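Beneath this line is the structure, given in structure tokens, with notes to follow.
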Amino acid sequence: MSSPGASMFTNFTKLCKGLALVLVVGHVLVHFVPATVTYLALIPARTIPFGWNLITSGYFELSVYGVVFSTVSLLFMGKFLEPVWGSKEFLKFIFVVNFLTYLCVFVTAIALYYITRLEIYLYMPFAGFHGVLAGLLVGIKQIIPDQEVLLVKIKAKWLPSIMLVLSIASSFFTLNSAAYLPTLIFGTYMGWLYLRYLQRRPETKLRGDPSDDFAFSTFFPELLRPVIEPIASIFHRMLCGRSNATSEDHGYTTSGAPLPGSDSAEASRRRERGARALEERLATERLVPSRNKDELQSDALDSV
């Protein structure tokens, strides 16, 4: 007989199970063959000859705790995101965000070395799936922003911000914060960047999510938004200034404001798909124990 708690740990997608297996196998490999870390992890001083580690570094964890957390988080977040995005787009998101995150980590490490002349930034191994997980949290913020997390009763739209605040705060008390903090920060930003400007929307054949509810300033408290918005607008003009000029194709006016119905309607449809996917998951999890209960009642009547 299944219970509601047990049903939460089922119905994971095949793609997420496969990716979780990759993370587990990657950890087992580096655990039993430590020399593979040199070839798979991002070590900035060796990235030039081993350029593939910009991709491979994200798909294995160096610690047992890391691989357990990454696999569990991937399975649960994938239950909500993959049905909304589709398997192909979900996999594309993971690949692009992982690559861009570690590319930025590489550039940052090189810059820190030239600023500080500390070789630790050149030879520190960077690895782990947490950059992609940070990006997936942004996806949760996008599709179900007002949904409360079951345990902590916090709206999903604040999860990326809370994660970053806690990570930055903990970095003051840990010695190896440089190994994970840049990955989390860049993973969050690259996840938002991809969803904001690059993700293809099949229903409109356009790219990105231009809604005001998904602007970069929404990651910050309202008190700071007047300061953040002018800075964010600079990157907006750099990334999609060309699309603003073609308002007929992209639903924008020349000033960058959305045309009536284009911005809000698309954001509403996206949130509805996310809420519908969540409701279907919850309904499935409730259906399993109810069916088992009916079967038990039927068996009891037959025995009488």
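The values are calculated or read from the model by the stated rules, or taken from the named source; none is laboratory data. Treat the numbers as computed from the prediction; the structure is a model and nothing was measured. Cβ sites come from the backbone with ideal geometry, for glycine too, and all protein chains shown count toward neighbours. Side chains are part of the model used for accessible areas, which takes the heavy atoms of the whole protein and leaves out ligands, DNA and RNA. Shrake-Rupley method; radii C 1.70, N 1.55, O 1.52, S 1.80 Å.
Would you check if there is a residue in segment 157-172 being part of a loop (DSSP other than H, G, I, E, B) and in contact (Cβ under 8 Å) with a residue 12 or more places away in the chain?
No, there is no match, as no residue in segment 157-172 is part of a loop (DSSP other than H, G, I, E, B) and in contact (Cβ under 8 Å) with a residue 12 or more places away in the chain.
Would you check if residue 11 is more than 15 Å from the chain's Cα centre (by Cα) and on the phi > 0 side of the Ramachandran plot?
Yes; evaluated as a whole, the condition is true for this residue.
I need the full set of residues from segment 53-89 which are outside any helix (DSSP H, G or I) and either polar (S, T, N, Q) or within 21 Å of residue 34 (Cα to Cα) (or both), in order please.
60, 61, 62, 63, listed by residue number.
For residues in segment 18-30 being within 20 Å of the chain's Cα centre (by Cα) and among the aliphatic types (A, V, I, L, M), which is most open to solvent (accessible area, probe 1.4 Å)?
Across segment 18-30, the extreme among qualifying residues is 21.
I need a count of the residues in segment 199-225 that are open to solvent by 90 Å² or more (accessible area, probe 1.4 Å) and either part of a helix (DSSP H, G or I) or on the phi < 0 side of the Ramachandran plot (or both).
Residues in segment 199-225 being open to solvent by 90 Å² or more (accessible area, probe 1.4 Å) and either part of a helix (DSSP H, G or I) or on the phi < 0 side of the Ramachandran plot (or both): 7 in total.
Please work out which one of (1) open to solvent by 20 Å² or more (accessible area, probe 1.4 Å); (2) touching a residue at least 12 places away in the same chain (Cβ under 8 Å); (3) among the aliphatic types (A, V, I, L, M) is the condition residue 138 fails and give its number.
Among (1) open to solvent by 20 Å² or more (accessible area, probe 1.4 Å); (2) touching a residue at least 12 places away in the same chain (Cβ under 8 Å); (3) among the aliphatic types (A, V, I, L, M), the lone unmet condition for residue 138 is (1).
For residue 229, are the conditions met, namely being surrounded by fewer than 18 Cβ atoms within 10 Å (Cβ to Cβ) and part of a helix (DSSP H, G or I)?
In short, yes.
Count, please, the residues in segment 31-52 that happen to be under 21 Å from residue 106 (Cα atoms), in a helix (DSSP H, G or I) and open to solvent by 10 Å² or more (accessible area, probe 1.4 Å).
8
Taking the criterion of being loosely packed, with under 14 Cβ neighbours inside 10 Å and either touching a residue at least 40 places away in the same chain (Cβ under 8 Å) or touching a Phe, Trp or Tyr at 6+ places or on another chain (Cβ under 6 Å) (or both), would at least one residue in segment 122-130 satisfy it?
Looking through segment 122-130, at least one residue is loosely packed, with under 14 Cβ neighbours inside 10 Å and either touching a residue at least 40 places away in the same chain (Cβ under 8 Å) or touching a Phe, Trp or Tyr at 6+ places or on another chain (Cβ under 6 Å) (or both).
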